[in-house]
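Enquirer: Take a look at the following structure, please.
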Amino acid sequence: MMQRQINQPKDWRKIIKNIYIYIVLALIVIIFSVAKLDKVEMFGKGHFLSPDSLINLIRMSVPIMILSGGFTLLMIAGYIDLSVGSAMSLSSVVFSLMLINGVPFVAAFFITMAMGVLLGAINGFLVMKLRITPVIATLVTLNLYKGTALLIVPDGISSIKSSAAQKMPEWISDFARQGVIFGLPAAFIVTLAVIAILVVLQRKTLLGKYSAAIGGNRVAAELSGINVVKTVWLLYTIVGVLATMAGAARASYMSLGDPLSGDGMETDCIIAVLLGGTAFTGGEGSVIKTIIGALIIMCMTTGLLTIIDAYYQTFAKSAVLILAVTLNHLLARRKVAA
C-alpha cells in the first residue's frame, strides 16, 4: 500500500509529460480564436478557427513541420544543427532559379535534394571527423550557406520579383498555395508522408534506436558496437535533405527563392523540439510531439500578428524558448531524481 502511494506522483508526472503539449496547443488555439485575423493578409478577414484560416495555417506550417521532424532525430542523439535555416534559404534560391531557367521540375527537385545531402554531409564531417563542437561547426556553416545564397542573389528577393520573366511555373505555386487532396492542402499530404517516414525511422529502425542510445550515453553506445560517427553523420545528412526540401516547399509557396526565407528557422525548430519534450541533452524525444510543437509556433506567429507588431515576435519567441528550455530542464531533472 505504501509502495503504491509512493509511485503515484511519478505516474502523474508521466501523464502530464505525455499530454501537456496537446493542452498548450489547445489553449493557444482557444486564446487566439477570439481574435480576428484582419491584420494578416494571407488569412483574409476570418477567425483563427475558420476553415480557410486553418487551411492557410497548415500550408504555412509545411516547412517547419518537415524540418523539425528531422531535427528531432538529431537532437535525440544529443547533437544540434544551427545551419538549417541558411540551408533552407540556399535551397530555396537554387531550386527557384533552376525552375525559372527552364530546368524540369523533377530534375530541379532531385538536384536540390542532392545539394541537401552535400550540405548535411559537410556538417557531419565538421562535427564527427574534425571533432568541432556542433554549435561552432554549424554556426560556421550557417554563415557559409547564407553567404552563398546572398552571393547567388546579391540584391535579395527584390531582384527576383522585379522581372515578370523570373517567375516559377504557375502550376507549382497553385499546388503549394491552392492544391487540395481529400479536403486537405496537397502540400500537407506530402508533409504527412515525410512525417510518417520519420516516425518509422525513430520507432522501428536501428537508426532510431542508435540515435536514442547515443544521446543517452555515447560511451556505452560505442562499447555496444554502435558506429557513432556513421550514425550521427547520417543524421546530419538527413537534416540537410529535409532543410532543402523545406526550402523547395517555401519557394513553391512564395513562387520565388528568397535568400533570407529561412532566417530564424533554427530557433523555431529548437523551440518546437523542446516543446515536444525532446531532451536537450539527448536520449529521448518524439517526432509526433515535435510536430505539435511546430504547430504551436505557427499558431503563435499568426496569432501574435493580430495583437502585436511583427518586430515584437522575436521577443515573444525568445520568451517561449526560455520557457521550453526551463520545462525541458525540469523534466530531465525529475527523470534523474526518479
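Enquirer: Condition test on Ser33, is it modelled with pLDDT of 80 or more and either farther than 23 Å from Leu192 by Cα or crowded, with 18+ Cβ neighbours inside 10 Å (or both)? First the steps, then the outcome.
Expert: Details: modelled with pLDDT of 80 or more: no; either farther than 23 Å from Leu192 by Cα or crowded, with 18+ Cβ neighbours inside 10 Å (or both): yes.
So Ser33 fails the test.
Enquirer: Just the residues that are out of contact with any helix residue (DSSP H, G or I) (no Cβ under 8 Å at 6 or more places or on another chain) and surrounded by 17 or more Cβ atoms within 10 Å (Cβ to Cβ), please, taken from region 191-246.
Expert: Gly216
Enquirer: Something else: Somewhere in region 59-81, is a residue in contact with a strand residue (DSSP E or B) (Cβ under 9 Å, 6 or more places away or on another chain) and either under 30 Å from Val228 (Cα atoms) or modelled with pLDDT of 75 or more (or both)? Don't jump to the end; show me each part of the working.
Expert: Step one: of region 59-81, the residues in contact with a strand residue (DSSP E or B) (Cβ under 9 Å, 6 or more places away or on another chain) are 59, 62.
In the following step, the residues that additionally are either under 30 Å from Val228 (Cα atoms) or modelled with pLDDT of 75 or more (or both) were identified as 59, 62.
So far as region 59-81 goes, yes, one or more of its residues are in contact with a strand residue (DSSP E or B) (Cβ under 9 Å, 6 or more places away or on another chain) and either under 30 Å from Val228 (Cα atoms) or modelled with pLDDT of 75 or more (or both).
Enquirer: If you don't mind, there's one more thing I want to ask. Kindly indicate which of Ile111, Ile172, Ile157, Ile152 is modelled with pLDDT of 95 or more and either touching a strand residue (DSSP E or B) at 6+ places or on another chain (Cβ under 8 Å) or farther than 18 Å from Tyr236 by Cβ (or both). First the steps, then the outcome.
Expert: Numbers: Ile172 fails: modelled with pLDDT of 95 or more; Ile157 fails: modelled with pLDDT of 95 or more; Ile152 fails: modelled with pLDDT of 95 or more.
After ruling out the rest, the residue left standing is Ile111.
Enquirer: Any idea how many residues of region 93-132 are of a type in the set (S, T, N, Q) and closer than 16 Å to Asn143 by Cα? Step through it out loud before you land on a result.
Expert: Filtering region 93-132 down to residues of a type in the set (S, T, N, Q) leaves 96, 101, 112, 123.
Filter once more, so that each one left must be closer than 16 Å to Asn143 by Cα: 123.
Summing the residues that are of a type in the set (S, T, N, Q) and closer than 16 Å to Asn143 by Cα in region 93-132 gives 1.
Enquirer: Could you please give the count of residues in region 93-118 that are in contact (Cβ under 8 Å) with a residue 60 or more places away in the chain, aromatic (Phe, Trp, Tyr) and farther than 17 Å from Pro259 by Cβ?
Expert: Selection size over region 93-118: 2.
Enquirer: Of the residues that sit in region 247-268 and are assigned to a helix (DSSP H, G or I), at pLDDT 85 or above and surrounded by fewer than 24 Cβ atoms within 10 Å (Cβ to Cβ), which one is farthest from the chain's Cα centre (by Cα)?
Expert: Going through region 247-268, the residues assigned to a helix (DSSP H, G or I) turn out to be 247-254, 265-268.
Keeping just the survivors that are at pLDDT 85 or above gives 247-253, 265-268.
With surrounded by fewer than 24 Cβ atoms within 10 Å (Cβ to Cβ) added as a condition, the list becomes 253, 267.
Values: Tyr253: 17, Thr267: 9 Å.
Checked region 247-268; the qualifying residue farthest from the chain's Cα centre (by Cα) is Tyr253.
Enquirer: Go through (1) of a type in the set (Gly, Ala, Ser); (2) in contact with a Phe, Trp or Tyr (Cβ under 9 Å, 6 or more places away or on another chain); (3) within 23 Å of Leu82 (Cα to Cα) one by one and return the number of the condition Ala221 breaks.
Expert: The single condition Ala221 does not satisfy is (3).
One line per residue, one yes/no per condition, for (1) part of a helix (DSSP H, G or I); (2) at pLDDT 95 or above:
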site: Thr191; (1), (2): yes, no
site: Ile197; (1), (2): yes, yes
site: Ala221; (1), (2): yes, no
site: Val229; (1), (2): yes, yes
site: Tyr236; (1), (2): yes, yes
site: Leu242; (1), (2): yes, yes
site: Ile270; (1), (2): yes, no
site: Thr281; (1), (2): no, no
site: Ile288; (1), (2): yes, no
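Enquirer: Further question: Being assigned to a helix (DSSP H, G or I), under 13 Å from the mean Cα position of the chain (by Cα) and in contact (Cβ under 8 Å) with a residue 60 or more places away in the chain is the requirement here; does Cys299 meet it? Talk me through it step by step, then tell me what you get.
Expert: Values: assigned to a helix (DSSP H, G or I): yes; under 13 Å from the mean Cα position of the chain (by Cα): no; in contact (Cβ under 8 Å) with a residue 60 or more places away in the chain: yes.
Answer is no for this residue.
Enquirer: What is the residue count in region 228-242 for residues that are under 13 Å from Lys129 (Cα atoms) and of a type in the set (S, T, N, Q)?
Expert: So the count comes out to 1.
Enquirer: Mind checking which residues of region 55-108 are assigned to a helix (DSSP H, G or I) and aromatic (Phe, Trp, Tyr)?
Expert: Our first condition is that a residue be assigned to a helix (DSSP H, G or I); within region 55-108, this holds for 55-76, 84-100, 105-108.
Residues satisfying the conditions are Phe71, Phe95, Phe105.
Enquirer: Taking the options Leu74, Leu150, name whichever one is on the phi < 0 side of the Ramachandran plot, surrounded by fewer than 24 Cβ atoms within 10 Å (Cβ to Cβ) and not polar (S, T, N, Q).
Expert: On the way: Leu74 fails: surrounded by fewer than 24 Cβ atoms within 10 Å (Cβ to Cβ).
Among Leu74, Leu150, only Leu150 is on the phi < 0 side of the Ramachandran plot, surrounded by fewer than 24 Cβ atoms within 10 Å (Cβ to Cβ) and not polar (S, T, N, Q).
Enquirer: Next question, about the same structure. Can Phe95 be described as on the phi < 0 side of the Ramachandran plot and either surrounded by 13 or more Cβ atoms within 10 Å (Cβ to Cβ) or at pLDDT below 90 (or both)?
Expert: On the way: on the phi < 0 side of the Ramachandran plot: yes; either surrounded by 13 or more Cβ atoms within 10 Å (Cβ to Cβ) or at pLDDT below 90 (or both): yes.
Yes: the conditions hold for Phe95.
Enquirer: Out of all the residues in region 119-139, which are touching a Leu at 6+ places or on another chain (Cβ under 9 Å) and assigned to a helix (DSSP H, G or I)?
Expert: Passing the criteria: Leu119, Gly120, Ile122, Gly124, Pro134, Val135, Ile136, Ala137, Thr138, Leu139.
The values are calculated or read from the model by the stated rules, or taken from the named source; none is laboratory data. These figures come from a predicted structure and were not determined experimentally. We place every Cβ from the backbone using ideal geometry, glycine too, and count neighbours over all the protein chains shown.
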